[in-house]
C-alpha cells in the first residue's frame, strides 16, 4: 500500500508524540514548609479517645480525663474552660494538677461526627516544678476541614493578671482574658510566636515574658 505524503507525515508525528509522552514524568511538588518547619498535627490523631454527645459540654469531662490519662498524667483538680469555635470544630482548654503536685494545662479539639463530639487533636503541658506560676506552649494542627491553626495555650496563677498578649512572627498580635487562669489564643495559619506576656487591669506588665515549653 502506498501512503500519501501527508499520511506518512501524520504517522511520523504520532510516533514522536507517543515517544515524548512515555519519557515525560509528572512533576512532584513538595509542600512549602512553615516557619522553622513546624510539624502540623493532622486531625484524627486522638481518635481512640471516646466521643461525647454533641452539644453536651458536661459529657466532655470524662473524655478530657481519659485524654490526660492516655498521656500518663493523673488529672487532679481538673478545670475546663468554655468551648470556642475553630473552623467547623470546637476547642476547649483545661488545667489540672498532676500526681506530683505540678500545674498542667492543655486543650482538646473536637468535631461532630454522627451526633457525637469526636476528639481529633489535643495536647498538654506540665510545669517543671510545683512553684511555677505561669506556663505556655504552642501547637500547630489542622481542623477537620483542613484549615491550619497555630494555637497558643497556657495558664497564669496570679489573680492580678487580667489579659495575656501574644506577638506572632508576622507582626500580628492577639490579646485574651484568662478564663479560670487559663488561656487559648488561636491564630489562622502556621507561624512562630515571638512573645507571650501578661498584663493587669491597668495595662501594666505583670510577666514580661511567659516561657514557651514543648507540649505533648
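The values are calculated or read from the model by the stated rules, or taken from the named source; none is laboratory data. The structure presented is a predicted model; accordingly, all values stated were derived computationally and were not measured. Cβ placement follows ideal geometry from the backbone for every residue including glycine, while neighbour counts extend to all protein chains displayed.
Restricting to the range 155-178, give me the number of residues that are in a strand (DSSP E or B) and closer than 20 Å to residue 215 by Cα.
Looking only at that region, the number is 7.
Of the residues that make up the range 137-147, is at least one free of Cβ contacts under 8 Å to residues at least 24 places away in the same chain, in contact with a strand residue (DSSP E or B) (Cβ under 8 Å, 6 or more places away or on another chain) and surrounded by 15 or more Cβ atoms within 10 Å (Cβ to Cβ)?
Looking for residues that are free of Cβ contacts under 8 Å to residues at least 24 places away in the same chain, in contact with a strand residue (DSSP E or B) (Cβ under 8 Å, 6 or more places away or on another chain) and surrounded by 15 or more Cβ atoms within 10 Å (Cβ to Cβ), one finds none in the range 137-147, hence no.
Among 198, 215, which is surrounded by 14 or more Cβ atoms within 10 Å (Cβ to Cβ) and part of a strand (DSSP E or B)?
198
Among the candidates 200, 194, 177, which residue alone is in contact with a strand residue (DSSP E or B) (Cβ under 8 Å, 6 or more places away or on another chain) and closer than 23 Å to residue 92 by Cβ?
Going through 200, 194, 177 in turn, the sole match is 177.
Residue-wise test of (1) modelled with pLDDT of 95 or more; (2) surrounded by 13 or more Cβ atoms within 10 Å (Cβ to Cβ); (3) under 17 Å from the mean Cα position of the chain (by Cα); (4) within 24 Å of residue 214 (Cα to Cα).
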residue: 41; (1), (2), (3), (4): no, yes, yes, yes
residue: 52; (1), (2), (3), (4): no, yes, no, no
residue: 63; (1), (2), (3), (4): no, yes, no, yes
residue: 68; (1), (2), (3), (4): yes, yes, yes, yes
residue: 73; (1), (2), (3), (4): yes, yes, no, yes
residue: 97; (1), (2), (3), (4): yes, yes, no, yes
residue: 101; (1), (2), (3), (4): yes, no, no, yes
residue: 106; (1), (2), (3), (4): yes, yes, yes, yes
residue: 113; (1), (2), (3), (4): no, yes, no, no
